[in-house]
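The values are calculated or read from the model by the stated rules, or taken from the named source; none is laboratory data. This structure is a prediction, so every number in the text was calculated from the model and none was measured. Note that we place each Cβ from the backbone using ideal geometry, even for glycine, and neighbour counts take in every protein chain shown.
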Amino acid sequence: MHIFISEKRKGDTFYITDEELRHLKVRRISKGETIGVIWEGKLYSCVLVDNRKSEALCEIIEEVHVEVPEVHITLYQSVPLELKTFELIVQKSTELGVRKVIPVITGRSFRNKEVLYKKKERWRKVSLEAMKQSGRPYKLEIEDVVDINEIEPVHQVNILLDNFHRGAYISELELKTVKDIGIVVGPEGGFSRQEGGLLRDKGFLSVRLKPHVLRAETAAIVSVGIIVNLAGS
Ligand code: SAH
């Protein structure tokens, strides 16, 4: 089922406009076809009833029940030097039900904040595409970039993914009752000794993934995948 995002609703009719309308036209969806519509955090199956130049109209058939992860994951992701990699992380985080991604500047990450502010719109689009593709009806929040020393352990569980430090393995964590977790992932060159120390002193738990040294994006995706499947049940 093709899914579109609607920003306008009157009664049981959703309006598809602008960028979403362009997608609908490219996919050549015609009247009478069933589509999915995301509206304010919910997914509906709808029938396309009118396809005009400036808007398409569709009527609700029923709400589609979507299971939402019980655990709220916030990913603090050091921005990779290769900026495309951050887009991949945004895409996968969306598919995996992450609630919030916060780009982080560290000693060895991409460091130009001006460039990163301009990327926000691109990341938003990547995330919206991933939402539609995965049938996820709630948005991923992407926050403004922060420095590593601004990160605080405000979550129920606060994890620092660190392959240098001899911390616990992720399989050793008791995740079942976790409802809110923050995960900090380093840049390709890793955290500096001082950065790792600072976060551990603040109360972050150093955690390792098996078996080898992973690329930053692999570490982010794998850790989120493990946590979302094991936590909050
Ligand atoms: N250059 C570093 C590796 C950095 S990998 C080195 O040579 O050791 C980038 C980031 O991914 C790390 O900072 C860490 O947050 C995460 N990471 C990669 N592999 C990991 C592992 N096996 N366990 C935990 N975190 C890992």
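Table for the structure above
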read-out	value
Cross-chain or 6+ apart pairs with Cβ under 6 Å, the range 155-168 first and closer than 8 Å to residue 205 by Cα, then hydroxyl-bearing (Ser, Thr, Tyr)	160/206; 167/206
Selection status of residue 76, part of a strand (DSSP E or B), closer than 30 Å to residue 191 by Cβ, of a type outside the set (A, V, I, L, M) and at pLDDT 95 or above	yes
Some residue of the range 20-34 being of a type in the set (A, V, I, L, M, F, W, C) and closer than 30 Å to residue 103 by Cβ	no
Criterion: within 12 Å of the ligand (Cβ to nearest atom) and aliphatic (A, V, I, L, M) - qualifying residue of 185, 157, 228, 178	185
Residues being in contact with an Asp or Glu (Cβ under 7 Å, 6 or more places away or on another chain) and either crowded, with 16+ Cβ neighbours inside 10 Å or assigned to a loop (DSSP other than H, G, I, E, B) (or both) - total across the range 7-30	5
Checklist (1) surrounded by fewer than 16 Cβ atoms within 10 Å (Cβ to Cβ); (2) out of contact with any Gly (no Cβ under 9 Å at 6 or more places or on another chain); (3) over 30 Å from residue 177 (Cα atoms) applied to residue 57, failing item	(1)
Single condition residue 107 does not satisfy, out of (1) in a loop (DSSP other than H, G, I, E, B); (2) small (Gly, Ala, Ser); (3) surrounded by 17 or more Cβ atoms within 10 Å (Cβ to Cβ)	(3)
Cross-chain or 6+ apart pairs with Cβ under 6 Å, the range 57-69 first and in a loop (DSSP other than H, G, I, E, B), then surrounded by 17 or more Cβ atoms within 10 Å (Cβ to Cβ) and modelled with pLDDT of 95 or more	66/43; 66/137; 69/97; 69/228
Test set (1) within 12 Å of the ligand (Cβ to nearest atom); (2) in contact with a helix residue (DSSP H, G or I) (Cβ under 8 Å, 6 or more places away or on another chain); (3) in a helix (DSSP H, G or I); (4) under 18 Å from residue 101 (Cβ atoms) - residue 222 fails condition number	(2)
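A quick yes/no check of all residues on (1) at pLDDT 95 or above; (2) surrounded by 12 or more Cβ atoms within 10 Å (Cβ to Cβ); (3) in contact with a strand residue (DSSP E or B) (Cβ under 9 Å, 6 or more places away or on another chain):
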residue	(1), (2), (3)
165	no, yes, yes
186	yes, yes, yes
196	yes, yes, yes
200	yes, yes, yes
208	yes, yes, yes
211	yes, no, no
221	yes, yes, no
